[in-house]
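**Student:** Sharing a structure here in structure tokens format.
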Amino acid sequence: MYNFYWLNQLQSSDWKTVGEKAFYLANLMDKGYPINPGFVIPANSFWQFLQHIDWSDPLLADFPHSSLHFNINDYQQLQQISQSINYYILDTDLPFELVSSLESAINNFNAEVLIFQPYLASPNFETFGILEPIICEAISVEFLQGIKQVWSEIFKAKSLFYWHSHQIDIQQLQPVVLVQPLQSAIASGTIQIFADSWEIQVTYGLGISIELGQIIPDSYLISPENCTIQDKKLGNKIIAYNLDTTITKVSYTNTWQEVYHTQMPIPDTLPALQAFLLPEDVQKEFALPDKHLQLLIELTQKITKNLPTNFCFKWSLFKSDSDAEPQLLITDFKKLPKDYQNLEKLPSSTTEEKQSIGLTQKYDLSTKFPDMKNNNQGKKPGFLFESIENIDVPIIKGIAASAGKVTAKAVVIQGLTPQLEEFPEGAILVVSAIISSYLPLLKNASGIISEQGGITSHAAILARELGIPAIVGATNSTQIIETGNYLLVNGNNGEVHLVKEQTNNPKKPDIEVTENSLHSQNFFPIGTKLFVNISQINSIKKAQGLPIDGVGLLRSELMAIELLENHHPLWWIKQGRQSELINLMVQRLTQFAAAFAPKPVFYRSLDLGLFNSSYQEKTLTEEMEQLPLNSSSDRGNQYSQNIHPQNLGQELNFSHQTNSDHPILGQHGTFSYMLEPSLLDLEINILSEVHKLGYSNVHSILPFVRSVEEFQFCRSRIETKWQNKPNHFQIWIMAEVPSVIFLLPEYVKAGVQGIAIGTNDLTQLLLGVDREKAEMKNVFNARHPAVMKAIQQLISQAKIAGIPCSICGDAPALYPEIIDDLIRWGITSISVNVNAVEQTYQAIARAEQRLILEVARSGVGKQE
């Protein structure tokens, strides 16, 4: 017989076997607190089962006795190994002795539904969001499969990635499973215990909707000193979960369960549950009655006398039968890190904690950047180091443009054309403003600090896609920060801290990464298409496996950063290297097309506003360097006249003069194609070659279209130059210039097959705000009524015209609350950065469910 560990029988010597969660629950149970009963399946049962499996796959012949070897950066290989292992686990019958032991133990519950909670007894790593709980019926055929399913969580692709990232050998894992009965609840939630406050979250039914992020729970802030409510907020609770009433004998726990059951799909791991759409009057009430809230506070007060602070427990309020008084039950427990309450606070300066967030390698930056030795002249000696002991005080505060935290050496750059090979990998880039010639450096940088720019600037957009922390609008940062300073860049709150340099255990910077729970496939189908905005090859693997419908915006100018070698596309054409550039662009574009096929990839052709100003600056600099030092003033004046921007533009048949101060108003978008048709021909050749290679899922979006005439010119040239253009090839336009709002029917008549709303440019043009200027951040608001009305009009007109309408700016990710309106108005698709897919998916699901609920209510009203 297999040996299981019951909570009410645990001894202190069982700590290492059952792990922290079960041990604390057993301790509280022993003291008389209301704990949900249960038992722990120890890790040796897991390992015995793996040894029981006949691993016929040659790749797994020595498993589990040998380590798994895989390339962590090869997501497809990771998936293949994961699927192979899990196939054997789920397809192999459990040993007879284990089956007998499980049936005997579970019969003691006399329960209808069970919950299996996997976690690690050792090593002590947080596995929430990595190892998913399983909820199933308490019948043999279900719970025997359930235990195999919960064990297979250890080898999901995201789990393998997590173990490898934390340098955990799989043979070191001691996975245990806490098995408990589960019953329908009136309300459930969590309570987090800190020294100076208690934080309570509450929702209707079981707490699954909180864990899935589908609702905003009710919240309470409690003072531990006198157990009074300091603050409370009503949540947004549209969905609730409870046991499936078709498989349970108990009566309804809540009145809303009798009417508002929905057929919404349930995740594979939760087959014994039902989802309920809550009526509006129920949503407007707090889920936990005051009487039971007070009982919960009193229970918490008693528990804190037996345990230290910084812990969290889950609880449920339930009825044992219809006539019984509701009871509180503690269902889960975990300790919290000491700094959990204030995640933005800088860790203490111990070596171990600093290593967890930063880079310890030292660079002799003066040898790599000799021209930067003197860029600190005029600064007060030791100015920055006067506050080194007070590292909680930021030296700079800017706009948080890309989330994450990183600690590394700073490199201050003020030249126009820095050399990529000379920029040390993992350094923090500090600049006055991000121009296009700096963009290649971002791939080597671990963080960005820029004096100029807004949250929707190109640098911020690229930083978010690359997943590196970025702060913009950081005034005087190039004067305050010196090359070689050791900084903590906090992209979550816009703060820069000066920290002490470390000299031991060098490592690359650690950028905080949140595991995307949607990779677990625990998501509900949605009707609105969800696309990703993407431009970098290393973003492909992050997007694969997510529930997306394709690429909604592939920004070609960001995709081409490295390929262009810091030159304007016209330079390539002038140099006779057009064919070379086409080949490079085709190779890069096909990588995206192949990765997402057969899903569509909407490729936005080059919008040259990003390049024009920096190209002009670079050309002027190169020309000036050729001027003899001893030239006369007359020759100098003559030379200066020869290199005037207008003359440069005439040489290339293209003027850049209007782009240096206000790129948005300059010669870019489709207007630039009319001025220089060779630029459009370049794009036509790229798309034609990609389709010849068989990638028929690539479509075109024309950038920054100002007039119907511009579109007509582009479409006519595409039809003429690309004679064998496939019929299914689509030509869309960006809807970012306000003129499109008033002329969309005319655009459709001219042949536009879809629109992509670019909220970044649309907002600044409607409100007269420069999005690159940090000082205008407070008036750059995509939620402004004028912007929202413009978006509504575009969506409505697209519906009338029968063409798809997508929104691909930063607005849905920055302001997810607008998604309700977008869905209600009839948006066809929403496209966001990879790191915003999860929150956007959930926001879309909530919005669609609200619409379903509204329709259901209106139907009920009509029947009455």
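**Student:** Under a plain spin-label model, where a point goes 7 Å from the Cα along Cα-to-Cβ, how far apart in nm are Lys16 and Asp54?
**Tutor:** Here the answer is 3.7 nm between the modelled labels.
**Student:** Then there's this: How much length, in nm to one decimal, is gained on full extension between Asn226 and Lys725, taken as 0.36 nm per residue of separation minus their Cα-Cα distance?
**Tutor:** 172.2 nm
**Student:** Now, a different point. Taking θ as phi - 60°, what are the ³J(HN,Hα) couplings along region 757-770 by the Karplus curve (6.51, -1.76, 1.60), each to the nearest whole Hz, with x for Gly and Pro?
**Tutor:** Taking θ as phi minus 60°, the curve returns 6, x, 5, 5, 6, 4, 5, 5, 6, 6, 9, x, 10, 7 Hz for region 757-770.
**Student:** Right, here's the next one. Separation of region 21-52 and region 285-339 by C-alpha centroid, Å?
**Tutor:** Taking the Cα centre of region 285-339 as reference, the centre of region 21-52 is 20 Å away.
**Student:** Moving to a separate point now. Kindly list the residues of region 541-564 that lie in the label zone of Ser678, defined by a backbone N under 19 Å from the point 7 Å along the Cα-to-C-beta vector.
**Tutor:** Of the residues in region 541-564, 564 have backbone N under 19 Å from the label point off Ser678.
**Student:** Using R₀ = 25 Å, calculate the FRET efficiency as 1/(1 + (r/R₀)^6) where r is the Cβ-Cβ separation of Leu295 and Gln9; round to 0.05.
**Tutor:** The pair Leu295/Gln9 has a calculated efficiency of 0.35.
**Student:** Apply 1/(1 + (r/R0)^6) to the Cβ-Cβ distance of Glu565 and Gln414, taking R0 = 22 Å, and write down the FRET efficiency to the nearest 0.05.
**Tutor:** About 0.55, to the nearest 0.05.
**Student:** Taking the Cβ of Pro677 as the centre, find all other residues whose Cβ is under 11 Å away and add up their charges (Lys, Arg: +1; Asp, Glu: -1).
**Tutor:** Around Pro677, the charge tally is -1.
**Student:** Further, regarding this structure: Can you give the FRET efficiency for Lys749 and Asp820, using 1/(1 + (r/R0)^6), R0 = 25 Å, r = Cβ-Cβ distance, to the nearest 0.05?
**Tutor:** 0.20
**Student:** Taking other Cβ within 10 Å of each residue's Cβ, how do His164, His568, His69 sort, fewest first?
**Tutor:** Ranked by crowding around the Cβ, least crowded first: His69, His164, His568.
**Student:** Apply the Karplus parameterisation 6.51 cos²θ - 1.76 cosθ + 1.60, with θ equal to phi minus 60°, to every residue of region 300-314 and state each ³J(HN,Hα) to the nearest whole Hz, in sequence, with x for glycine and proline.
**Tutor:** For region 300-314, the Karplus-derived couplings read 4, 4, 5, 5, 5, 6, 9, 10, x, 6, 6, 8, 9, 9, 9 Hz, x marking Gly and Pro.
**Student:** For the pair Ala195/Gln793, report the inter-label distance in nm, with labels modelled 7 Å from Cα in the Cβ direction.
**Tutor:** 5.7
**Student:** Another one. Contour minus end-to-end for Leu307 and Thr92, with contour as 0.36 nm per residue of separation and end-to-end as the Cα-Cα distance?
**Tutor:** Full-extension gain reported as 73.2 nm.
**Student:** Here's a follow-up. Quick one: Karplus J couplings for region 695-705, per residue in order, coefficients 6.51, -1.76, 1.60, θ = phi - 60°, nearest Hz, x for Gly and Pro?
**Tutor:** Rounded to whole hertz, the list is 8, 7, 8, 8, 10, 10, 10, 7, x, 6, 7.
**Student:** Using the 10 angstrom Cβ neighbour count as an exposure proxy, how do Trp732, Trp55, Trp15 rank, fewest first?
**Tutor:** Placing the least packed residue first, the sequence is Trp15, Trp55, Trp732.
**Student:** Let me ask something else. For region 169-210, list residues with backbone N below 16 Å from a point placed 7 Å from the Cα of Ala324 toward its Cβ?
**Tutor:** What the label zone holds, given the 16 Å backbone N cut-off, is 181-187.
**Student:** Moving to a separate point now. Past 26 Å, Cα to Cα, is the threshold; run Lys232/Lys789; Lys232/Lys529; Lys237/Lys319; Lys692/Lys721 against it and keep the listed order.
**Tutor:** Lys232/Lys789; Lys232/Lys529, as the Cα separations exceed 26 Å there.
**Student:** How much length would be gained if the chain were fully extended between Glu280 and Asn492, taking 0.36 nm per residue of separation minus their Cα-Cα distance, in nm to one decimal?
**Tutor:** Answer, rounded to one decimal: 72.9 nm.
**Student:** In the neighborhood of Leu766, defined by Cβ-to-Cβ distances under 11 Å, what is the net charge if each Lys or Arg adds +1 and each Asp or Glu adds -1?
**Tutor:** Its environment carries a net charge of -1.
**Student:** Sticking with the crude label model, points 7 Å out along Cα→Cβ, report the distance from Lys397 to Ile139 in nm, one decimal please.
**Tutor:** A separation of 6.2 nm, rounded to one decimal place.
**Student:** Around Thr331, what is the net charge, scoring Lys/Arg as +1 and Asp/Glu as -1 over all other residues with Cβ under 13 Å from its Cβ?
**Tutor:** +1
**Student:** Relative contact order for region 187-335: what percent, with Cα pairs under 8 Å and sequence separation of 6 or more?
**Tutor:** Averaging sequence separation for qualifying contacts and normalising by length gives 25 percent for region 187-335.
Only the coordinates and a few stated rules stand behind these numbers; no lab work does. Keep in mind it's a predicted model, so treat the numbers as computed, not measured. No Cβ is skipped: glycine too gets one built from the backbone with ideal geometry, and neighbour counts run over all protein chains shown.
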